[in-house]
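These notes concern the structure reproduced below.
The values are calculated or read from the model by the stated rules, or taken from the named source; none is laboratory data. What you are looking at is a predicted structure, and each value in this text was computed from that prediction instead of being measured. We place every Cβ from the backbone using ideal geometry, glycine too, and count neighbours over all the protein chains shown.
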Amino acid sequence: MPLMLYLIGAPRAGKTAVFDALTNTPQGPHCFVKGPHRLGTVKVPDARLEALRDLYNPKKYTPAEVTFVDVALPPASAGEGNSFSQLNAFLGDADAFALVIQAFGEMDYQGNTPDPAKQFESLLLELIVADMEKVEKRLDKIDQEFKRGLKGNEAERAVLARCKQQLDEGKALRDLTFEPEDEKRISSFRFLTQRRLLVIANVAEDGLNGAALEPLRQAASAHKLEVLVFCAPLEAEIATLDSEAAAGFLKDYGISEPARVRLVQAAYRLLDLISFFTIGPDEVRAWTIHRGTLAPQAAGKVHSDIERGFIRAETVAWEPLLRLKSHAACREQALLRLEGKQYIVQDGDVIDFRFNA
């Protein structure tokens, strides 16, 4: 499945505009609707894969993908918790969240002058409150079971109590390290503050240099989070242009590449993801895995039968392959390797898996 990055934010922060900019193409919008939410899948730009495509001229070309979700958050209402609480089950499917922060205009949704740092802290607090509601509800149930003489949940209670203390201090659960067994005990809760976060500062065209974002950057840095500057109207226009027109547009604005390229790359860094490639006359394709994945598990991304029957991974780095232009030339220079089950796949590896059918 593609990486799932959910866009969330305060009303009028421009979340939907950011989604439109990410999913627009020269052929039109590329998205679909799921209930009140919109989903759009974006190809991951990768110059290495494009060069391999040009070298092999395959019938099919398949980059890695990221799916962005424009989350329709309901307004919080009395007795129902905050907006994140009401959508906890849906939000729990996210690999990561992108917090869209309003850094443009003269007025936010509350009628005040936009304060990006304050809005950022408010969103973090809402996520913490949503998780706290889950923790307290489960702890109350366990306590009721203890009073009735039901035992067996002591270990779960202990790890949830640790979570509660972290949340009480206003800290995210992703900053905690859990033992594997404790991680299993809380996995079904799909806590929102365990998700990785990107911060998108949605700016006006005159704010592209990010000069006014220092308070937001400092607030994000305190949480070890990255801030990406993004001008949704400008990016939406770039997304509808062909490559030549887009290059001229970027040059006029003094921009090296579209912000959505940086956003996708930031998402990969955030989740510690890398790509390996498979090539041939039929298809040149990128596969997404977590850094540190062993060769058999990487083979399983291609097909489960390859993982089960894994023998070796014939491997070469993308750079010498492009330079020498063939596996045979790489083999002659001892750059083509046969790797076993303990090999850790590297970013940019070009692999042909050998396996028993």
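Being at pLDDT below 90, within 27 Å of Asp95 (Cβ to Cβ) and small (Gly, Ala, Ser) narrows it down to one residue among Ala220, Ala266, Ala247; which is it?
After ruling out the rest, the residue left standing is Ala266.
Please identify the pairs in which a residue from region 162-189 that is within 21 Å of Ala89 (Cβ to Cβ) and touching a residue at least 40 places away in the same chain (Cβ under 8 Å) has its Cβ atom under 7 Å from the Cβ atom of a residue that is of a type in the set (Phe, Trp, Tyr) and not in a helix (DSSP H, G or I), counting only partners at least 6 apart or on another chain.
Leu173/Phe191
Give the residue that is farthest from Leu228 (Cα to Cα), with candidates limited to residues of region 97-119 that are in contact with a Pro (Cβ under 8 Å, 6 or more places away or on another chain) and of a type in the set (Phe, Trp, Tyr).
Applying the filter and picking the extreme gives Tyr109.
Suppose we filter Val284, Val302, Val229 for residues that are touching a helix residue (DSSP H, G or I) at 6+ places or on another chain (Cβ under 8 Å), modelled with pLDDT of 95 or more and among the β-branched types (Val, Ile, Thr); which single one remains?
Of the residues listed, the single one that is touching a helix residue (DSSP H, G or I) at 6+ places or on another chain (Cβ under 8 Å), modelled with pLDDT of 95 or more and among the β-branched types (Val, Ile, Thr) is Val284.
State all residues of region 322-348 that are part of a loop (DSSP other than H, G, I, E, B) and closer than 16 Å to Arg312 by Cα; if no residue qualifies, say none.
Residues satisfying the conditions are Leu335, Leu336, Gly340, Lys341, Gln342, Tyr343, Val345, Gln346.
What single numbered condition from (1) surrounded by 15 or more Cβ atoms within 10 Å (Cβ to Cβ); (2) farther than 28 Å from Arg174 by Cβ; (3) not basic (Lys, Arg) fails to hold for Asp46?
So Asp46 meets the others, but not (2).
Which one is nearest to the chain's Cα centre (by Cα) among residues in region 5-32 that are at pLDDT 90 or above, hydrophobic (A, V, I, L, M, F, W, C) and not in a helix (DSSP H, G or I)?
Once the filter is applied, the top-ranked residue is Leu5.
Of everything in region 258-290, what is among the β-branched types (Val, Ile, Thr) and out of contact with any strand residue (DSSP E or B) (no Cβ under 9 Å at 6 or more places or on another chain)? Give them in sequence order.
Val261
Could you look through region 57-96, keep only residues that are part of a helix (DSSP H, G or I) and crowded, with 16+ Cβ neighbours inside 10 Å, and pick out the one that is modelled with the lowest pLDDT?
Filtering first and then ranking leaves Ser83.
Aliphatic (A, V, I, L, M) and within 27 Å of Leu127 (Cα to Cα) - does that describe any residue in region 241-249?
no
Sort out which residues of region 157-168 are modelled with pLDDT of 95 or more and either among the charged types (D, E, K, R) or within 20 Å of Leu271 (Cβ to Cβ) (or both), and write them in order of number.
Correct list: Arg162, Lys164, Asp168.
In region 97-130, which residue that is among the acidic types (Asp, Glu) and modelled with pLDDT of 95 or more is farthest from Val199 (Cα to Cα)?
Asp115
Which pairs do you get when a residue that is without any contact (Cβ under 8 Å) to a residue 40 or more places away in the chain, found in region 85-111, comes within reach of a residue that is of a type in the set (Gly, Ala, Ser) and part of a loop (DSSP other than H, G, I, E, B), reach meaning Cβ atoms under 9 angstrom, with the pair 6+ apart or on two chains?
From residues that are without any contact (Cβ under 8 Å) to a residue 40 or more places away in the chain, the pairs are Gln86/Ala76; Gln86/Ser77; Leu87/Ala72; Gln110/Ala10.
For region 106-132, which positions are under 15 Å from Pro11 (Cβ atoms) and not in a helix (DSSP H, G or I)?
Within region 106-132, Met107, Asp108, Tyr109, Gln110, Gly111, Asn112, Pro114, Asp115 qualify.
Condition first: among the small types (Gly, Ala, Ser), closer than 30 Å to Val199 by Cα and exposed (fewer than 13 other Cβ atoms within 10 Å of the Cβ). Can you find one or more residues in region 315-335 that meet it?
no
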